[in-house]
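Chemist: Please read through the structure below; I'll follow up with questions.
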Amino acid sequence: MVSRRDFFGGAGAVALSAGLVSRVGAASLPEAPQMDKAATRPPLSPPNGRPYNPVVTLNGWTLPWRMNNGVKEFHLVAEPVVRELAPGMKAHLWGYNGQSPGPTIEVVEGDRVRLFVTNKLPEHTSVHWHGQRLPAGMDGVTGLTQPGIKPGKTFVYEFIAKRPGTFMYHPHADEMTQMAMGMMGFWVTHPKDVNAHRVDRDFCFLLNAYDIEPGSATPKTATMTDFNLWTFNSRVFPGIDSMVCGLNDRVRIRVGNLTMTNHPIHLHGHEFVVAGTDGGWTNPASRWPEVTTDIAVGQMRAIEFDATEPGDWAFHCHKSHHTMNAMGHDVPTLIGVDHRGIAEKINKLVPDYMVMGDKGGSMGDMEMPLPENTLPMMTGTGPFGGMEMGGMFTTVKVRKGQARGDYKDPGWYKHPAGTVAYEWQGGQADLPAAQQSPGTAAAAPKPGEKVLKVRKGSGHGSH
Amino acid sequence: MNRSALLLRSTALGAATLVLAGCATFSPDGGFDSVQTLTKERIGKNTRWVKSDADKAGVVAAIAPLLAKPLSVEDAVTVALMNNQGLQASYAELGISEANLVQAGRIRNPVFSFGRLTRGGEIELERSLMLPVMSLLTMPVATRIERRSFEQAQLRAAGEALRLADDTRRTYFSAVAAQEHAVYMEQVKLAAEAAAELARRMAVAGNFSKLDHAREQAFYADVLVQLARARQTSTEQRERLTRLMGLSAAALVQLPNRLPDLPTAPREVQALEAGAMQNRLDVIMARRELSGLASSLGLTKATRFVNLLDISYLRNSFNESPNRESGYEIELQIPLFDWGGARVARAEAMYMQAVQRASETAVNARSEVREAYSAYRTTYDIARHYRDEIVPLKKRISDEQLLRYNGMLISVFELLADSRSQVLSVNASIEAQRDFWMAESALQMAQTGRAAAPAAASKAPSAVAEPAGH
Ligand SMILES: [Cu+2]
């Protein structure tokens, strides 16, 4: 839960902050709630101000606010954080209020918003409110619209959330470093009319990427394109929560891209439409169905669909290396290379050496020790075995009877009989009567008839 | 008496005989006991003088059990001290020297010569009787010189024994290390072979370019040369040790697989330089030489007519040219024209020269022992650093690399390259350990005999060029 830790009582990573903010100033600051867990928090229903339908931040949370004479006041603290990327790996990042990405800020169209930003980083920062219409001086670009917020200082941004839609916030100061370190967050401006674009489930998250050397914890901030951890809200599969939906729910997923490359985001089992872009809501008449939409660098997209198909549906970036965790890029291909006699020789020098990759990239069920704080390259176990996925992958779980507002993981889908792909057993098992066009029945194999069998290569570990 | 010697009418014959009585006998041990003691005091080991077949059989029997098992450094030294033929030759010098001593103490036999020469019809008969009067006059001086020479021979023989012990120790460590090195190079070869073979198969499967394949092959080819060199060095060192131990075949030597462990702490040596002044044989020889010259000088001053300083100056060393000249020459002159002033001056200059040489010996000895101790401590620290820091770190790197290989973060080629580099660091560690033991022996030598060649500062481990990672 939100730990209601007083900002000045909390031991900040930058010790000088307390001394630099005056007591008079401090008294008037709204508190800066902290989050110490990376799990998805339930939606935060607005306790005051204008009503709206809250979003669910995947593996994240929404920042509580204070109403002050009709102004919504938030307090963001930019600070070093430790973010669990998945069980077994923690990253040393920079974020806001205890997590990276920072908390989602939810406001309603027309709200007057006042944002206090305290800098507990070792260098100056700023916050740019990506996509908002606001006075130029509130745009958060250091040098251009404001001086940098020096370590220990608190700045105030204030503007009216004019346009409903999907937004982001991130620093516009030493951007490459600060974004590589995880400084970013989501922003949703809900429509004034609670029933406009109303959906049953409204998920949101950011796409981000890190380059963390296996065995270490801090991203390499100089990396430009060759990242090795591709994340949804700074989590990698299987550390990413599922998006749980009730059958026939109208579902919205809002995605913002703050990586340095585009991501074709793909949903299985349903078609969706792109209902919102960076510029706002799309005209319903102009929406076309998709199963994949590309989200370019710096873009936001809101996709919507009716969850009409029960099951566990994969949802992921379609760049296959984005659904893997750290791997070596200079590893030669060993497929089809005969290893007889060589492994024995190598074992004399490296006793724990095992041949890998000679049948392909699959690690099968091998569990081998890895460098500390390093996740396996492809992992995740489903009800049928290894999923061999990592990075930007999760599932949309559609269940009949999933109560409205219940986001608890219902477990693996229980498939109705006869709806799971199965191994062909020759002619021994009776095939269910297939629906077929008239006149083709004669061509179907008769019981006991020999059917051509295709031999598959032997499994891993047989050498 | 090989130069002009004047016959003097003998009057003092009786007195001289009296003085010299008892000088002219051989010692029962031939002077070897003293060599034995000098050696044992310094390295705690017995040596043997093999003079007969029975002695030889005794040596064979004594060394057989030592050769039956993997050889320790102590056993190697023991065998060398008993069985090295060069050392036996230097013991033989003792006999020669003692014979000279005995000879000097004996009155020469009277010589009667008869000559008959014919030239045409002329016949010339020559008869002479030479009586050993001269011997009587020079006998006390000659005996004293020969005694000194005999002592020097003993010191030299002991020095030879010490030098042999040192040589044997150092060669032993060299040989064990070279053998260990060759074994480790086999492992490097194995890794390179595996990589080259895998690269070949990858090229066959179409997964590797000719460039990558050639790189792995080239590395393997280089390693083969290094392995051949390592084996040759091992053979050389083994043969050297075999020679020092006086054995007929290298196969007789069984070397252990590894060098002895480092001592838990380096020796702290108290009064290092003072000890060296007491124990070093070259210092002792220089001191004796000096006192000999001092008495010669005194005699010269007293007689002015007996020139004792033409004895060839014995350099106070035992391991220089084997063709040392030794001996003496005594002249008696009739003071008719020269009253001996120049002779005294020359004697004084020679004495002073000996003083300078002796003090040079002392200065060098002190410096050498300090240097040897410094080398001892440094090699100890380096070897321990290899053992406690570098090798464990390399091992940790290899362990981490294996984890990265497990995660498909690096390729098997990088893993193999790393295991090779780990092997090479183990190798460097062995060299450091060898250097320590050699420095340890050199320190012993610097304290007792004369500094051996400065402890060879080991060069950095031969870096093997690595192929580019894949
Ligand atoms: Cu992607």
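The values are calculated or read from the model by the stated rules, or taken from the named source; none is laboratory data. A quick note: this is a predicted structure, and the numbers were derived from the prediction, not measured. Neighbour counts run over all protein chains shown; Cβ positions are idealised from the backbone, glycine included. Accessible surface areas use protein heavy atoms only, side chains included; no ligands, DNA or RNA. Shrake-Rupley method; radii C 1.70, N 1.55, O 1.52, S 1.80 Å.
Chemist: Give a quick list of GluC sites (Glu not before Pro) in region A:339-401 that DSSP marks as loop, anything other than H, G, I, E or B, with at most 13 other Cβ atoms within 10 Å. Intermediate values should be presented prior to the final figure.
Modeler: On the way: sites: A:Glu344, A:Glu367, A:Glu372, A:Glu388; in loops: A:Glu367, A:Glu372.
Passing sites in region A:339-401 are A:Glu367, A:Glu372.
Chemist: Am I reading the A/B interface right? What is its buried accessible area, both sides, 1.4 Å probe, to the nearest 100 Å²?
Modeler: Numbers: alone 22800 and 24700 Å², together 44750 Å².
Interface between A and B: roughly 2700 Å².
Chemist: On to the next question. Protein chains only, probe 1.4 Å: how do A:Asp249, A:Asp306 rank by accessible area, largest first?
Modeler: Values: A:Asp249 25, A:Asp306 70 Å².
These residues rank, largest area first, as A:Asp306, A:Asp249.
Chemist: Additional query: Counting residues in region B:44-103 as N, plug N into 2.2 N^0.38 Å and put the Cα Rg over that result. Don't skip to the end; give the middle numbers.
Modeler: Working: Rg = 13.7 Å, N = 60, 2.2 N^0.38 = 10.4 Å.
Rounded to two decimals, the normalised Rg is 1.31.
Chemist: Here is a further query. Would you mind giving the three semi-axes, in whole Å and largest first, of the ellipsoid equivalent to chain A according to its Cα gyration tensor? Could you put the intermediate results ahead of the total?
Modeler: On the way: eigenvalues 406, 181, 62 Å².
So the three semi-axes of chain A are 45, 30, 18 Å.
Chemist: Still on this structure, I have one more. Ignoring ligands, DNA and RNA, what percent of the accessible area of chain A is carbon or sulfur (1.4 Å)? Show your work: numbers first, answer last.
Modeler: Numbers: 11900 of 21450 Å².
Carbon with sulfur: 55 percent of the solvent-accessible area.
Chemist: Round to a whole angstrom and tell me the spacing of the C-alpha centers of region B:242-296 and region A:23-84.
Modeler: 82 Å
Chemist: Using only the alpha-carbon atoms, what does region B:32-177 span along each of its principal axes? Please give whole angstrom values in decreasing order.
Modeler: Cα extents, longest axis first: 81, 36, 28 Å.
Chemist: Right, another one. List for region B:149-191: residues with 50 Å² or greater reduction in accessible area, all protein chains versus chain alone, probe 1.4 Å?
Modeler: Buried on complex formation: B:Leu190.
Chemist: Are there trypsin sites (Lys or Arg not before Pro) in region A:100-133 that DSSP marks as loop and that have at most 15 other Cβ atoms within 10 Å, and which are they?
Modeler: Numbers: sites: A:Arg112, A:Arg114, A:Lys120, A:Arg133; in loops: A:Lys120, A:Arg133.
Filter output for region A:100-133: A:Arg133.
Chemist: How high is the relative contact order of region A:220-296, in percent, with contacts defined as C-alpha pairs under 8 Å that are six or more residues apart? Please report the intermediate quantities before stating the final value.
Modeler: On the way: 55 pairs, mean separation 21.7, N = 77.
Computed over region A:220-296, the figure is 28 percent.
Chemist: What are the GluC sites (Glu not before Pro) within region B:198-285 that DSSP puts in a loop, where the Cβ has at most 15 other Cβ atoms within 10 Å?
Modeler: For GluC sites (Glu not before Pro) across region B:198-285 that sit outside H, G, I, E and B with at most 15 neighbouring Cβ atoms in 10 Å, the list reads B:Glu268.
Chemist: Could you tell me which of the pairs A:Lys37/A:Lys408; A:Lys319/B:Lys210; A:Lys72/A:Lys192; A:Lys359/B:Lys395; A:Lys72/A:Lys120 are separated by over 19 angstrom between their Cα atoms in the structure shown? Before the final figure, lay out the partial values.
Modeler: On the way: A:Lys37/A:Lys408 16 Å; A:Lys319/B:Lys210 31 Å; A:Lys72/A:Lys192 15 Å; A:Lys359/B:Lys395 30 Å; A:Lys72/A:Lys120 23 Å.
Cα-Cα > 19 Å for A:Lys319/B:Lys210; A:Lys359/B:Lys395; A:Lys72/A:Lys120; rest within.
Chemist: Can you list the residues in region B:371-415 whose accessible area drops by at least 50 Å² when all protein chains are present, compared with the chain alone? Use a 1.4 Å probe, heavy atoms only.
Modeler: Output list: B:Leu402, B:Leu403, B:Arg404, B:Tyr405, B:Asn406, B:Met408, B:Leu409.
Chemist: Per residue, how much accessible area does chain A have with a 1.4 Å probe, in Å²? Each step should come with its number before you reach the end.
Modeler: Working: 21450 Å² over 463 residues.
On a per-residue basis, chain A sits at 46 Å².
Chemist: Between region B:407-436 and region A:133-162, what is the C-alpha centre distance in whole Å?
Modeler: Measuring centre to centre over Cα atoms gives 55 Å.
Chemist: Just from its helices, what would the mean residue ellipticity at 222 nm be for chain A, if runs of 4 or more DSSP H residues each count -39500 (n - 2.57) and the sum is divided by every residue, rounded to the nearest 500 deg cm²/dmol?
Modeler: -1000 deg cm²/dmol
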